[in-house]
1. Using the Kirkwood radius over Cα pairs, work out the Stokes-Einstein diffusion coefficient for region 94-174 at 20 °C and 1.002 mPa s, in µm²/s as a whole number.
2. Counting other Cβ atoms within 10 Å of each Cβ, which trypsin sites (Lys or Arg not before Pro) in region 212-303 have at most 12 and sit in a DSSP loop?
3. Sorted by packing (mean other beta-carbon atoms within 10 Å per residue), highest first, where do 25-32, 167-174 land?
4. Applying 1/(1 + (r/R0)^6) with R0 = 45 Å to the Cβ-Cβ distance of Ala166 and Gln86, what FRET efficiency is obtained, to the nearest 0.05?
5. Just to be sure I understand: if I project the alpha-carbon convex hull of region 53-123 onto a plane and average over all orientations, what area do I get in nm²?
6. Rank by packing, highest mean first: peptides 100-109, 131-140, with packing defined as the count of other Cβ atoms within 10 Å averaged across residues.
7. In whole percent, and with a 1.4 Å probe on the protein chains, what portion of the accessible area of region 251-303 is carbon and sulfur?
8. Output needed: Cys residues of the chain lacking any neighbouring Cys C-beta below 4.7 Å, sorted by number.
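The values are calculated or read from the model by the stated rules, or taken from the named source; none is laboratory data. Only a predicted model underlies this, so the values are computations on that prediction, with no experimental measurement involved. Counting neighbours? That spans all protein chains shown, and the Cβs are built from the backbone with ideal geometry, glycine included. Surface areas here come from the heavy atoms of the whole protein model, side chains and all, with no ligands, DNA or RNA. Shrake-Rupley method; radii C 1.70, N 1.55, O 1.52, S 1.80 Å.
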Amino acid sequence: MNGTHDVVVIGAGVAGLSAALESARHGLRVCLIEELLFGGLVVNVNHLLPAVAGLPASGIDLAAELMTRVSDLGVTSVFESVTGLQTGNGLSVMTAEGAHRAQAVIVASGARLRKLGIPGEAEFQDRGVSHCADCDAPLYQGQDVMVVGGGDSALQEALVLSEHCARVHLVHRGASFSARREFVEKLRERPNILRKMETVVEELRGEEALSRVTIRGADGTSAEISCTGFFAYVGLEPNTSFLSDQSALDLHGRVMVDAQLESAIRNVYAIGVVRAGYGGQLEDAMFDARAAAIAVARRLGRV
């Protein structure tokens, strides 16, 4: 047993860091659990659009700023992998190293990038398949790469890559993009971004590293595109596998919550991208965090 806390926050992305910060400000004893590094997916973004007013516009700088504030308030940070949540006799967040008891739990475990599940995707991971244009774009200087997706993330990454690469093949299965208009308009300013609409990716191929990708158009015709880098942004999958009570999840695996962000499991709250109905912006994640922290503080009689 690793001690008892007022609240355990699962996940140290922007939502989790903000929840830990707000909870500590209400005088709660907080334990923040993260499997890898603090910051979540936002650390892969150099220029946040839109940025949060009054906070750094770089993802890594934003995460570092929040983590510093959390540490200054005495939050206990634990780098362990959450394996389960026990609710029989109080709440216990289980990890491989033990259990963390709490009166309340805030689930801010975020999401991971959805994979296409096509041949070659796993085989060429880190040998052409990447998930961070801001990180890896310089590696493909003067080369041809491919981006898959039609939302904000896909278009943002295509724009970043276009500053380094000879050509960026932007593949989208739909007839139009779902991204914000500003990103769609910026595509017109980048002649080296080649759109391939109503097209799907079938296979990644190469020898030691990725060298070509097979795509198929709406007419059923397949073609092979030469490229050395591949970036897929086709949505997110919530990190909720540790929740044994599947009745708390919707059909997409997201945690369902009420107006106070409390789930079907009493004293277990969910915020950010892991919850159903999340707004999608960083400010939404931070608003969730504040609301959940206040709800917990009230439940524990601290407000």
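1. Working: Rh = 15.3 Å.
Rounded, D is 140 µm²/s.
2. Working: sites: Arg212, Arg216, Arg254, Arg266, Arg275, Arg290, Arg298, Arg299, Arg302; in loops: Arg254, Arg266, Arg302.
Counting only loop positions with at most 12 other Cβ atoms within 10 Å, the trypsin sites (Lys or Arg not before Pro) in region 212-303 are Arg266.
3. Details: 25-32: 20.4, 167-174: 22.0.
Output ranking for 25-32, 167-174: 167-174, 25-32.
4. On the way: r = 54 Å, r/R0 = 1.19.
According to the calculation, E is roughly 0.25.
5. Numbers: hull surface 33.9 nm².
One quarter of the hull surface, i.e. the mean projection, equals 8.5 nm².
6. The peptides rank, most packed first, as 100-109, 131-140.
7. Numbers: 1350 of 2680 Å².
Taking all protein chains in place, region 251-303 shows 50 percent carbon and sulfur surface.
8. Isolated Cys, the chain: Cys31, Cys165, Cys227.
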